[in-house]
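Reviewing the structure listed below.
The values are calculated or read from the model by the stated rules, or taken from the named source; none is laboratory data. All figures in this text were calculated on a predicted structure; none of them were measured in a lab. Virtual Cβ from ideal backbone geometry, glycine too; neighbours counted across all protein chains shown. Ligands, DNA and RNA are stripped out before the accessible areas are found, and what is left, the full protein with its side chains, is counted by its heavy atoms. Shrake-Rupley method; radii C 1.70, N 1.55, O 1.52, S 1.80 Å.
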Amino acid sequence: MADITRGEPIRFLRVAFDSDDWVAVFLKTYRTGETAQRVVPLATAASDRFQAWLRHRNAAGWNVYVSVNAVHPGRSRTRRAIAAVRHVFLEEDNNGLELVATLAIRPDLPPPSYVLHSSPGRLHVFWRVRDFSPNDVEVVQKQLAKELRTDRAATSCAQTTRLPGFVNHKRERACAISIEYLRPGSAFTPADFPLVSAEPARSVRLPGTHVHVLRMGDRIWRARQYLAAAAPAVAGEHGDLRTFRICCRLVRGFDLSEDEALRLLGEWNDRCVPPWSERDLIEKLSNARTYGREPIGGLLSTPVAQFRNNA
């Protein structure tokens with residue numbers, strides 16, 4: 001019989017949420033189908049009395065879950081109840097080790113903050129985030145679930161995860177739920193993830209034609225507007241990842257050649273701390289073209305005003 005680890009649920013709650021957050025704690029037993037839910041302040045969820053109640057239920061065969069994001073007080077766990085997005089979240093039920101290996105070589109994604117192992121081969125991946133709206137995070141999660149072939153049903157902002165330290169009773173053999181803390185101190189923003197527009201794609205037609213692309217002069221102008229709004233790369237603040245993403249958007253999103261992109265990068269690079277050498281930028285543009293996941297031409301129909309929010 002797997003054991004309950006008393007301190008692990010409390011540690012996770014304090015790492016994963018802000019101190020004034022409210023969370024939804026959900027319990028279910030698969031023997032009878034009964035459920036229970038409590039929406040409580042984080043301090044209550046981490047209290048000795050509340051944890052003792054969860055341990056009692058878990059020992060009796062109930063599974064223990066918690067909302068991935070913060071919820072409004074007194075609200076049921078629904079999409080409209082989300083008060084603050086705390087995570088970008090993925091769930092993998094088939095080959096967790098393969099997913100972890102894939103994420104390790106995705107240069108356009110920041111490293112996960114923590115990985116929860118719900119049972120052998122099954123895991124939940126978290127990026128601790130800030131400044132996401134519920135709609136924004138769902139767009140990113142759906143896109144990543146599609147690309148990485150993870151569970152597409154687990155992309156709602158109202159998703160739950162299992163509490164580490166408790167026991168998973170869903171499978172035939174109970175097993176302990178564990179977690180690996182990789183970079184729990186980082187909080188990523190929408191700019192740290194591949195740009196995904198929630199707006200439906202729109203064809204861009206030139207007068208008197210049926211061509212669904214922009215002329216090169218228009219592409220360069222749009223790329224300049226993007227770079228003017230883009231924050232610089234700063235050493236020690238994911239600067240390498242940010243520069244790779246900028247390069248992806250130039251040679252893939254705006255469909256520029258590497259020479260055109262290199263000429264445009266000058267003013268943006270001057271703001272970087274420290275600035276990149278031309279050799280480094282050439283290498284990053286080449287890698288962006290080869291390894292990036294940004295759709296070719298994907299930014300050619302994005303409203304320019306949106307660049308200020310996604311740069």
Study note, to complete from the structure: Shape descriptor, the chain: equivalent ellipsoid semi-axes (Cα gyration tensor, sqrt 5λ, whole Å, largest first) stand at 42, 19, 18
**Study point:** Per-bin percent of Cα-Cα distances, the stretch 1-49 [5 Å]
**Key:** 5, 18, 23, 23, 18, 11, 3, 0
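What percentage of all Cα-Cα pairs in the stretch 54-113 are separated by more than 19 Å? Numbers along the way, then the final one.
Working: 1005 of 1770 pairs.
The calculated P(r) of the stretch 54-113 puts 57 percent of pairs beyond 19 Å.
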Check your understanding: Just the Cα atoms of the stretch 81-133: what Rg and Dmax do they give in Å?
Key -> 12.1, 35
Revision key, fill the gap. So the angle from the long Cα axis of helix 134-148 to the longest Cα principal axis of the chain, reported in degrees to the nearest 10, equals 80
Exercise for review: Run the dipole for the stretch 33-98 about the Cα centre, Lys and Arg Cβ at +1, Asp and Glu Cβ at -1, nothing else charged, and hand back the magnitude in debye, nearest 20.
Suggested key: 520
Exercise for review: Heavy atoms only, probe 1.4 Å: what % of the accessible area of the chain goes to carbon and sulfur, would you let me know?
Suggested key: 48
Exercise for review: Would you list the P(r) distribution for the stretch 1-159, with all Cα-Cα distances sorted into 10 Å bins from 0 and each bin expressed as a whole %?
Suggested key: 10, 37, 38, 14, 1
**Study point:** Tilt relative to the chain, helix 216-229 - C-alpha long axis, 0 to 90 degrees, to 10
**Key:** 50
Study note, to complete from the structure: The long-range amide H neighbours of Val234, using H built 1.01 Å from N in the peptide plane and a cut-off of under 5 Å, are Gly239, Val273
Practice item. Over every pair of different alpha-carbon atoms in the stretch 247-287, take the mean of 1/r and invert it; report that Kirkwood radius in Å. Key: 10.2
Review point. Considering every Cα-Cα pair within the stretch 24-72, what fraction, in whole percent, is farther apart than 13 Å?
Key: 56
Exercise for review: Enumerate the calculated ³J(HN,Hα) couplings along the stretch 59-64 in order (Karplus 6.51 cos²θ - 1.76 cosθ + 1.60, θ = phi - 60°), each rounded to whole Hz, writing x wherever the residue is Gly or Pro.
Suggested key: 5, 8, x, 8, 8, 10
Revision key, fill the gap. Projected onto their principal axes, the Cα atoms of the stretch 217-269 stretch, largest extent first, over whole-Å spans of 35, 17, 15
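Roughly how many Å² is the accessible area per residue of the chain, as a whole number, for a 1.4 Å probe?
Values: 15340 Å² over 311 residues.
Heavy-atom accessible area per residue stands at 49 Å².
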Exercise for review: Highest first, please rank the peptides 138-150, 40-52 by the mean number of other Cβ atoms sitting within 10 Å of their residues.
Suggested key: 138-150, 40-52
